[in-house]
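Everything below concerns the one structure shown next.
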Amino acid sequence: MTTPDALAAIVGAGHVLTGEQAAPYLTDWRGRYRGTALAVVRPGSTAEVAAVVRACADAGVPMVPQGGNTGLVGGGTPDDSGRAVVICLQRLNRVRAIDTANDTMTVEAGCVLHAVQESARAAGRLFPLSLAAEGTATIGGNLATNAGGTQVLRYGNARDLTLGLEVVLADGRIWDGLRGLRKDNTGYDLKQLFIGAEGTLGVITAATLKLFPLPAAQMTALAAVPSLAQATSLLQRARAAAGAALTAFEVMARVTLAHAVETLPRLRTPLPLQQPWYVLLELSDAEGEAHATAVFERLLAEALDAGEIVDAAVARSLAEAQALWALREGIPEAHARRGGNVKHDISLPVSRIAEFVEATDAELRRRYAWIEPIVFGHLGDGNLHYNIGTVPGTPIEVAFAHEQEINRIVYDAVHARGGSISAEHGLGQLKREAIGRYKPALELELMRRIKRALDPLGLMNPGKVL
């Protein structure tokens with residue numbers, strides 16, 4: 001039987017946490033899931049991760065890999081049995097190599113996303129994965145959930161930004177797949193099995209990531225839009241005008257933005273909140289500021305003439321651009337302070353989003369007079385955060401009391417339109433049961449076969465995904 005003392009012999013007594021020391025690692029970021037554990041172990045190298053996994057596998061002890069503990073579906077939280085060992089990877093935080101000629105960097109799984117971005121920038125390169133929790137989320141967690149963020153429209157999500165992985169398998173062996181190759185047609189692309197698997201197949205300990213040139217200029221604007229359908233038209237216009245230079249296209253309902261501004265005094269909006277929808281769009285230009293400005297101003301002028309926007313505020317400095325992005329990035333924090341909401345991280349064909357929102361809003365309001373949809377997300381790649389709050393005077397607890405019914409209505413509507421009930425947050429514990437209703441039986445069977453092949457004892461993050 002693996003004991004804290006046996007684990008201490010591998011990583012040192014100071015890196016095996018129990019009791020009150022372990023408590024912060026046993027509750028998820030939203031406070032929704034709380035578990036217990038035999039211990040929390042903080043290895044400092046891939047070799048130590050492998051030794052911990054071998055010891056747990058030999059003793060039949062479940063393992064829960066954990067990064068920055070910023071997940072939203074309980075994927076990094078143990079159950080309440082007290083049998084599992086949480087393997088926290090935050091000490092694996094080295095940038096191992098940056099190859100500017102190959103436009104790659106190799107980093108360990110515990111590197112915080114913001115630190116990876118800054119290391120790339122210091123080398124004159126861009127690592128484009130960007131999301132609200134980037135100051136605490138780790139690369140390992142980003143890969144385990146196939147994180148998306150705000151620039152998927154141009155660069156793709158975590159899966160698209162990864163060339164190679166280093167993984168500790170369920171039996172403690174180390175697979176070194178850290179190849180910085182963009183072409184390698186020598187069999188199955190094994191790294192893709194582990195990206196998005198939420199730690200259920202192995203422990204990602206390092207990754208080789210793609211880098212890009214820094215843009216010569218960036219333009220950012222907040223536009224007031226009369227309808228979500230017009231926002232979709234604006235997206236099509238922006239793509240035609242800017243092509244690959246369009247790096248972000250975020251949509252926010254008026255009520256969503258109003259809540260953020262009301263709740264966080266540091267936020268300021270440059271436009272009156274009078275339209276039902278607002279779009280934050282960004283262009284990253286390779287030619288220079290003059291070219292970027294010309295493209296942006298022509299795009300906005302044509303959109304204004306077409307009625308796709310009513311007004312727009314263009315950032316004229318880095319500080320103004322950061323202030324616009326702060327509005328978007330402050331939304332999760334603001335709603336957490338307001339007591340939270342029933343969250344849905346969904347994806348749909350962009351062409352179906354406006355109709356989905358209109359129809360689902362109507363259906364929910366028909367059933368529940370106190371419903372207040374709080375909608376925002378990455379319209380450019382079809383990922384919407386369709387969250388449900390309550391109108392003033394109704395406690396949010398009322399929505400949580402009806403969460404299962406609300407989820408069913410939303411998920412059925414998403415599925416009927418060819419969408420997915422999890423776009424970038426993963427399944428974790430939150431959606432583990434629901435996925436059985438929407439995934440084809442054969443697809444689930446294939447997933448279970450892969451799980452059995454790579455983790456025959458079922459010890460890697462049990463109770464998650466499947």
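Rule-based calculations on the coordinates, nothing more; no lab input. Please read all numbers here as calculations on a predicted model, not as lab measurements. Methodologically, a virtual Cβ is constructed for each residue, glycine included, from the backbone with ideal geometry; neighbour enumeration extends over all protein chains shown.
Some notes on this structure:
- FRET E, pair Ala290, Ala244, Förster distance 25 Å, beta-carbon r, rounded to 0.05: 0.85
- Cα-based Rg of region 339-423 normalised by 2.2 N^0.38 Å, two decimals: 1.02
- Here the chain carries DSSP beta bridges of which approximately 90% are antiparallel, counting only pairs with both residues inside.
- Length available on full extension from Trp175 to Arg91: 0.36 nm per residue minus the Cα-Cα distance, which gives 28.3 nm.
- For region 321-466, the Cβ-based charge dipole about the Cα centre amounts to some 420 debye (Lys, Arg positive; Asp, Glu negative; other atoms uncharged).
- Cα-derived Rg over Rh, computed across region 55-119 with Rh taken as Kirkwood radius: 1.11
- Dipole-positive endmost among Ile98, Gly35, Ala238 within the chain (Cβ charges, Cα centre): Gly35
- Size of electric dipole in the chain: Cβ of Lys, Arg +1 and of Asp, Glu -1, about Cα centre, debye, nearest 20: 660
- With each label modelled as a point 7 angstrom along the Cα→C-beta vector, the Arg337-His114 pair spans 1.7 nm.
- Net charge of neighbours whose Cβ lies under 13 Å from the Cβ of Ala47, counting Lys and Arg as +1 and Asp and Glu as -1: -1
- Loop-located trypsin sites (Lys or Arg not before Pro) in region 244-283 (DSSP state not H, G, I, E or B) with no more than 16 neighbouring Cβ atoms inside 10 Å: Arg266, Arg268.
- If R0 equals 51 Å, the separation of the Cβ atoms of Leu446 and Leu271 corresponds to a calculated FRET efficiency of about 0.60.
- Violating pairs (Cα-Cα greater than 25 angstrom) within the set Lys183/Lys439; Lys343/Lys451; Lys210/Lys464; Lys183/Lys431; Lys191/Lys451: Lys183/Lys439; Lys343/Lys451; Lys210/Lys464; Lys183/Lys431
- P(r) histogram, all alpha-carbon pairs of the chain included - 20 Å bins from 0, percent: 24, 55, 21, 0
- Rounded if a/c under 1.5, otherwise prolate or oblate - region 217-333, Cα gyration tensor axes: oblate
- Most to least packed among 186-193, 101-108, 258-265 [average Cβ atoms within 10 Å]: 101-108, 258-265, 186-193
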